[in-house]
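> Take this structure first; my questions come after.
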Amino acid sequence: MADSSQPVVPGTVSPWNEDKIYAALGDPVRRRLLLALARGGPQPGAQLMGGVRHRLSATLKHLAAMRAAGLVVMRENPRDGRKLLYALSAAVPVTKTETGAVIDFGFCLLRL
């Protein structure tokens, strides 16, 4: 898992577990979930399932795999205490550029 106190600097060793990141991003549903969270911010699982066109149980399993890789965290929903929100981990290195957002893990670059 990433140490959020150490940003990824080009030319240095990444704090991310490459195998876990590649496994998490190797699935198209998980990539769509990552994009939805990067673009739309924290969201409940039920809202995310609509964007990936899967049942809630399947969506939650994908989110659990992303949590295990350190990509996603769960937060309490301030508007509805019964539902949890899923959000990108603060350690996920999202950078805004002129052409859009980029996530750079040091060994893998995603253009959003």
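The values are calculated or read from the model by the stated rules, or taken from the named source; none is laboratory data. Not measured: the values here are computed from a predicted model. Note that we place each Cβ from the backbone using ideal geometry, even for glycine, and neighbour counts take in every protein chain shown.
> Looking at GLY70, is it at pLDDT 90 or above, in contact with a helix residue (DSSP H, G or I) (Cβ under 8 Å, 6 or more places away or on another chain) and of a type in the set (Gly, Ala, Ser)? Walk me through it before giving the result.
Values: at pLDDT 90 or above: yes; in contact with a helix residue (DSSP H, G or I) (Cβ under 8 Å, 6 or more places away or on another chain): yes; of a type in the set (Gly, Ala, Ser): yes.
Yes: the conditions hold for GLY70.
> Here is a further query. Please list, ordered by residue number, the helices (runs of 4 or more DSSP H) wholly in the stretch 14-86 having 1 or more residues that are over 24 Å from ASP104 (Cα atoms), in contact (Cβ under 8 Å) with a residue 12 or more places away in the chain and out of contact with any Phe, Trp or Tyr (no Cβ under 7 Å at 6 or more places or on another chain). I'd like the intermediate steps shown before the answer.
Details: elements: 18-25, 28-40, 45-52, 56-68.
Of the helices (runs of 4 or more DSSP H) lying wholly inside the stretch 14-86, those with at least 1 residues that are over 24 Å from ASP104 (Cα atoms), in contact (Cβ under 8 Å) with a residue 12 or more places away in the chain and out of contact with any Phe, Trp or Tyr (no Cβ under 7 Å at 6 or more places or on another chain) span 45-52, 56-68.
> Looking for whichever is farther than 21 Å from LEU112 by Cα, out of contact with any Ser or Thr (no Cβ under 6 Å at 6 or more places or on another chain) and at pLDDT 90 or above here; the options are LEU33, LEU60, LEU37. Which one fits?
LEU60
> Report whether or not MET49 is surrounded by 18 or more Cβ atoms within 10 Å (Cβ to Cβ) and more than 25 Å from ASN17 (Cα to Cα).
When the stated conditions are applied, MET49 passes them.
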